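First up is the structure itself, then whatever we jot down about it.
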Amino acid sequence: MFIEQNFLMNLLVLLMTCELSKSAAGHKYLRIVVSSGIGALLTAVLLLIRVYWLSVFLTAVIVVPLMLFLTFGKCGKKQFVQRILISWFGILLLNGIVTAFSNLTGIRGMTWYVAVVTIVIGHTFVKVWLCNMRQQKNLYEVRLKNDGKEVCCVGLYDSGNRLQMPDSGEPVHIVSMDIFERLKKKESKIREIPFQALGTNEGRVPVTEIDSMELLHRKTDHIYRNVWLGCADVTLLQGKSYKMILHSSIQK
């Protein structure tokens, strides 16, 4: 029973590690099954030590790296350490899910149907986490200045934003209506330029030019002068963690 439960846990951990590390190893699913079985047998052998903390420690530093090597093959030191850390994280996460499920249902142990529930919850968690991580990489701290006024906000780099001024070809960044109203000069004339989003009819967006835009990303500053801002539709940025959509031409 212990070996079966441990096999299922190893299987889930290796599948999660495979998902997060984007491995291209050949026959990886077959190798995951074989590695999970070997890991379960070795863990059972380590329990003969009868010192629980020592068996757990040896499992973490010997069995887990061995399973990763058998599953993914040789790789760089940095990537191997990364996979070990992902696997340890996966073990903690999945143990937490199994424990919570057991407390709610009274079902003890890693049965096949508990494994299915764990896969669904774990997969959903990983997908959401990965999505957030990818978005975080594209978020910038932005400082906008115009006519003595300054606004700080979070901007999202969007490779799909190719809006530009029709006469000069200068890029246009999109900001929330609130930021647009705060930065525009009262006496300046607001222009409107045509735009078309995917699957929609052509519309027009108000634009205004500001003095400067400063981007802070990964401890690197970029300052742009005479920047064009477009006013977003009220619903476009509603409820978002960012209030600006940066043009695809900015330096990444």
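The values are calculated or read from the model by the stated rules, or taken from the named source; none is laboratory data. These numbers come from a predicted model, not from an experiment. Using ideal geometry, Cβ is built from the backbone for each residue, glycine included, and neighbour counts are taken over all protein chains shown.
Against the test of being more than 22 Å from G37 (Cβ to Cβ), part of a helix (DSSP H, G or I) and either out of contact with any Ser or Thr (no Cβ under 7 Å at 6 or more places or on another chain) or modelled with pLDDT under 85 (or both), the options I91, I121, I86 yield a single qualifying residue, I121. Among the residues of the range 159-181, the ones that are under 17 Å from Q238 (Cα atoms) and among the charged types (D, E, K, R) come to 2 in all.
Residues considered: L144, L130. Of these, the only one that is closer than 30 Å to L215 by Cβ, at pLDDT below 80 and surrounded by 12 or more Cβ atoms within 10 Å (Cβ to Cβ) is L130. Is it the case, given these coordinates, that T59 is closer than 15 Å to N10 by Cβ, touching a residue at least 24 places away in the same chain (Cβ under 8 Å) and of a type in the set (S, T, Y)? Judged against the criteria, T59 is not a match.
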